[in-house]
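*Asks:* The structure that follows is given in the form of structure tokens.
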Amino acid sequence: MDSSSSSSALSRISNLQNHISPLEANNKLRSLIKISPQVSEAISNGRAVVALESTIISHGMPYPQNLQTAKEVESIVRENGAVPATIAILNGVPCIGLNEEELERLASMGKSVQKTAGRDIVHVVATRGNGATTVSATLFFASMVGIQVFVTGGIGGVHRHANQTMDISSDLIALGRTPIAVVSAGIKSILDIPKTLEYLETQEVYVAAYKSDEFPAFFTEKSGCKAPSRVDSPEDCARVIDANTKLNRHAGILFAVPIPKQHSPAGNLIESATQRALTEAREQNITGNAETPFLLARVNELTGGTSLAANIALVKNNALIGSQIAVALSQLK
Ligand code: PSU
Ligand code: MN
């Protein structure tokens, strides 16, 4: 990376935030991460940047659809005037923005890449491993370089039976302490949606549904839960992010975008497959961080690929809206 564009990106970051950025405070941290030239340039010039996670690539979809989707999502972000920053750890180096070769390498490694949540970052870096970042780990790195908008498919949440298993995704804790706006299609019904919304409130995360009064359930527009708040345009979202930043609040934002209408009829089929996959996970004693990838793959098998097609459609839609939000935010500044 060009070191002068990198250092101006870094000074821009510290101007954007009202506190000393971790990178500025610690030069060693700077040498630990790699920012792509495009992302660095965009941050330096206050242009719209959209962070993208990589567990969705390694563990959320099979190869080669994962690679194709990752590339298409990056193209959608570019076509809508923002710069994509896919985040992953390659050979122990956290990378903010992947080039084509890196994206291909990550996608083809599939599940042999370590699923990296916040707690796993140190292990992957220390062992010079390859890690695909979940929402929680992606939030950590995006915040380190001052990115304010992050697009994914769905976030993790409070699992059903969490009262026995204590399985609550670290995504929720990370959202509670990272002032970044995450754009997702809500959360999957494999999770306990009412409990997840309660937990997000406890963590002081602002949650709004996009052009809807109801919180969406990933494959369907309806979860049966009223959304805590509602936003109706990218500009609405940008103003919320701007207020959150100016008030220097520590917590993040979740914008929940319903799946596009033409893909939601498949919702009922996917829901019954989900129930079956949940039963199988319990019978096979699949728990912890293996549960979400198991359920995603099993539901896709049971629906003959219908859930994958819907998943791809909603991720692309989130990328479109997330980019519009990032552009609207850059125009406010
Ligand atoms: N939800 C989805 N698809 C996904 C994930 C969640 O609909 O691919 C991934 C995201 O990377 C999320 C992670 O951060 O799973 C949550 O995993 P866990 O439930 O183990 O916290
Ligand atoms: Mn978990």
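*Asks:* Report, to the nearest 10°, how far helix 100-109 tilts away from the longest principal axis of the Cα atoms in the chain, using its own Cα long axis and a range of 0 to 90°.
*Replies:* Compared with the principal axis, the helix lies near 30 degrees.
*Asks:* With everything on Cα atoms, drop me the angle between helix 193-202 and the longest principal axis of the chain, reported from 0 to 90° to the nearest 10.
*Replies:* 30
*Asks:* Tally Lys and Arg at +1 and Asp and Glu at -1 over the other residues with C-beta under 11 Å from the C-beta of Pro260: what net charge comes out?
*Replies:* Charge balance in the 11 Å sphere: +1.
*Asks:* A further question follows. I'd like the antiparallel share, as a percent to the nearest 5, of DSSP beta bridges with both residues in the range 31-332.
*Replies:* Counting DSSP beta bridges with both partners in the range 31-332, the antiparallel share is about 30 percent.
*Asks:* Something else about it: Calculate the FRET efficiency for Arg276 and Met109 from the Cβ-Cβ distance with a Förster distance of 30 Å, rounded to the nearest 0.05.
*Replies:* 0.55
*Asks:* Please report the accessible area of Arg105 (heavy atoms, 1.4 Å probe, ligands and nucleic acids excluded) in Å², nearest 10.
*Replies:* Probe radius 1.4 Å; accessible area of Arg105 about 80 Å².
*Asks:* Subtract the Cα-Cα distance of Asp213 and Asn248 from 0.36 nm times their separation in residues, and report this length gain in nm to one decimal.
*Replies:* Stretched fully, the Asp213-Asn248 segment lengthens by 9.8 nm.
*Asks:* Go through Ile121, Gly60, Leu200 and say which Cα lies farthest out towards the positive end of the charge dipole of the chain; charges sit on Cβ, +1 for Lys and Arg, -1 for Asp and Glu.
*Replies:* Farthest along the dipole direction, towards plus: Ile121.
*Asks:* Now for a different question. With θ set to phi - 60°, apply the Karplus curve 6.51 cos²θ - 1.76 cosθ + 1.60 along the range 315-320 and write out the HN-Hα couplings as whole Hz, x wherever there is a Gly or Pro.
*Replies:* Values per residue, Gly and Pro as x: 5, 5, 5, 5, 5, 4 Hz.
*Asks:* What accessible area per residue comes out for the chain, rounded to a whole number of Å², with a 1.4 Å probe?
*Replies:* For the chain, the solvent-accessible area averages 42 Å² per residue.
*Asks:* Once both labels are modelled 7 Å past Cα along the beta-carbon direction, what's the Thr165-Arg128 spacing in nm?
*Replies:* Label at Thr165, label at Arg128, 3.6 nm between them.
*Asks:* Taking amide H atoms as placed 1.01 Å from N in the peptide plane, list the residues 5 or more away in sequence, or in a different chain, whose amide H sits under 5 Å from that of Thr86.
*Replies:* Leu52, Gly97, Leu98
*Asks:* Here is a follow-up. Taking 0.36 nm per residue of sequence separation and subtracting the Cα-Cα distance, how much length would be gained by fully extending the chain between Ile173 and Gln203, in nm to one decimal?
*Replies:* Between Ile173 and Gln203, full extension yields an extra 10.1 nm.
*Asks:* Using only the alpha carbons of the chain, determine the length spanned along each of the three principal axes and report them from longest to shortest in whole angstroms.
*Replies:* Answer, in whole Å and largest first: 54, 42, 37 Å.
*Asks:* I'd like the FRET efficiency for Leu32 and Glu235, computed as 1/(1 + (r/R0)^6) with the beta carbon distance as r and R0 of 51 Å, rounded to 0.05.
*Replies:* With a Förster radius of 51 Å, E is 0.90.
*Asks:* OK, next. Between their Cα atoms, which of Lys211/Lys261; Lys111/Lys261; Lys34/Lys246; Lys226/Lys261 are more than 21 Å away from each other?
*Replies:* Lys111/Lys261; Lys34/Lys246
*Asks:* Taking 7 Å along the Cα-to-C-beta vector as the label spot, tell me the Asn45-Arg78 distance in nanometres, rounded to one decimal.
*Replies:* Distance between label points: 1.5 nm.
*Asks:* Using 1/(1 + (r/R0)^6) with R0 = 25 angstrom and r between the beta carbons of Asn99 and Gln68, what's the FRET efficiency to the nearest 0.05?
*Replies:* 0.90
*Asks:* Oh, and also: What's the angle, to the nearest 10 degrees (0 to 90), between helix 135-144's Cα axis and the longest principal axis of the chain?
*Replies:* 10
*Asks:* Moving on. Over the heavy atoms of Lys71, what accessible area does a 1.4 Å probe trace out, to the nearest 10 Å²?
*Replies:* 70
*Asks:* While we're here: Once you put a point 7 Å from the Cα of Lys222 and another 7 Å from the Cα of Gln331, both along the Cβ direction, what distance in nm separates them?
*Replies:* With each label point 7 Å from Cα toward Cβ, the separation is 3.5 nm.
*Asks:* Could you please state how large a percent of the accessible area of the chain is carbon and sulfur, counting protein chains only and using a 1.4 Å probe?
*Replies:* 51
The values are calculated or read from the model by the stated rules, or taken from the named source; none is laboratory data. No experiment lies behind these values; they were computed from the predicted model shown. In this analysis, Cβ positions are derived from the backbone assuming ideal geometry, glycine residues included, and neighbour counts consider all displayed protein chains. When the accessible area is computed, the model is the full protein with side chains, heavy atoms only, and any ligands, DNA or RNA have been set aside. Shrake-Rupley method; radii C 1.70, N 1.55, O 1.52, S 1.80 Å.
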